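To keep things clear, I will list the structure first and then write my remarks on it.
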Amino acid sequence: MRCDQCGHDTLPQAAYCHWCGHQVQARCHSCDAVSPVGSSFCHSCGANLGTQTEPMREEEPGRDPVAYQVPGAIQCPRCATTNESGATYCYRCGFPLEEAHAPGAEFPHIPAYQDGRPAGFFIRLVAYFIDGLVLSIGLLVLLAASGRGFFENTETLSVVDLVGVGTNLAYYTLIVSAWGTTLGKRPFDMYIVRTDGSRVGPGRAFARSLAYYLSILVLLIGFIMIGLRKDKRGLHDLICDTVVVIRKPRPRSDMP
C-alpha cells in the first residue's frame with residue numbers, strides 16, 4: 001500500500017503512514033481504485049476491502065510484522081505497536097514517534113489507546129458544554145413542574161443548588177456506566193473507559209463525577225491538565241484510572 005500524500009510504501013495493514021502520519025486510504029486489489037478512509041467496500045467495483053488484508057485486531061499476540069522483520073524497530077508509546085527503525089509516525093495509531101522519543105518526553109503505555117486516540121481539551125470542552133446545557137434544561141423543567149416559586153428566598157436557592165448537584169451526579173453516573181459516554185460526547189465518538197480499555201462501572205462512574213468538583217476546586221487546574229498532558233487525562237481521570245478516547249470507525253458488516 002502506498003501513501004497518497006508522501007508516496008512512501010506502507011505496511012499492508014497500516015492505518016497511518018509511518019513517514020508523514022497521513023491516514024492511509026484503502027486501495028482495491030481488484031481494480032486498484034482508492035476508496036475514502038474507513039471504507040469497507042470499493043466505491044468503484046464493490047469488492048470487499050476488509051477481506052484483502054487481515055484485520056489488525058485478529059493478529060496473534062506478539063506477532064507484530066515489523067518486530068521480527070526489521071532490526072532496530074521502535075515501539076509506539078501510545079499503543080505499544082512496534083514500528084520500523086526511522087519511522088516518524090506509528091503506522092497503527094498515527095502517534096508522532098519523534099515527539100515520543102524527544103529528550104524528557106514521557107508518554108505512558110495505555111492499552112485503551114489501541115482502540116482510539118486520546119480526546120483533546122477543546123473537543124472535550126465542547127462536549128462538556130453540551131452536557132451542561134442538557135442538564136440545565138432538565139433542571140429547569142424539574143423546577144417548573146414543582147410549581148413552588150423556588151427563586152423567592154435564599155433558603156430555597158440552597159435547595160436548588162443541592163438538586164443541581166444531585167442531578168449532575170445521577171446523570172454522569174447512570175449514563176456513563178450504561179453507555180460509556182454522554183449525550184455531549186457521543187456525537188464526537190468519544191467514550192470514557194478504564195486505562196486497560198474495559199468499561200467503567202457504576203461505582204467508578206460515580207467517583208469520577210465527584211472528582212469533577214475536585215478539579216473545579218483547584219482553580220480548574222484539573223481540567224487544564226487535559227490540554228497540558230500528552231495522554232490528555234485530567235485530574236478526575238488520573239484519580240479514577242480512566243481515559244477519554246475517540247474511537248476509530250468500525251467497518252460495517254451488514255452490507256451484502
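The values are calculated or read from the model by the stated rules, or taken from the named source; none is laboratory data. This one's a predicted model, so the numbers in the text were calculated from it and none came from an experiment. We place every Cβ from the backbone using ideal geometry, glycine too, and count neighbours over all the protein chains shown.
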> Within the stretch 199-212, how many residues turn out to be touching a helix residue (DSSP H, G or I) at 6+ places or on another chain (Cβ under 8 Å) and more than 17 Å from Thr181 (Cβ to Cβ)?
Replying inline: 3
> Name the pairs: first residue in the stretch 120-135 and in the same structural domain as Val243 (by TED's automatic domain parsing) and surrounded by 14 or more Cβ atoms within 10 Å (Cβ to Cβ), second residue in a loop (DSSP other than H, G, I, E, B) and β-branched (Val, Ile, Thr), Cβ to Cβ under 8 Å, at least 6 apart or on different chains?
Replying inline: Ala127/Thr182; Asp131/Thr182
>> On the basis of being out of contact with any Lys or Arg (no Cβ under 8 Å at 6 or more places or on another chain), farther than 20 Å from Ile123 by Cβ and modelled with pLDDT of 90 or more, does Ser198 make the cut?
In response: yes
>> Could you list, ordered by first residue, the pairs with Cβ atoms under 9 Å in which the first is in the stretch 212-224 and within 21 Å of Tyr171 (Cα to Cα) and the second is among the basic types (Lys, Arg) and surrounded by 14 or more Cβ atoms within 10 Å (Cβ to Cβ), at least 6 apart or interchain?
In response: Phe223/Arg124
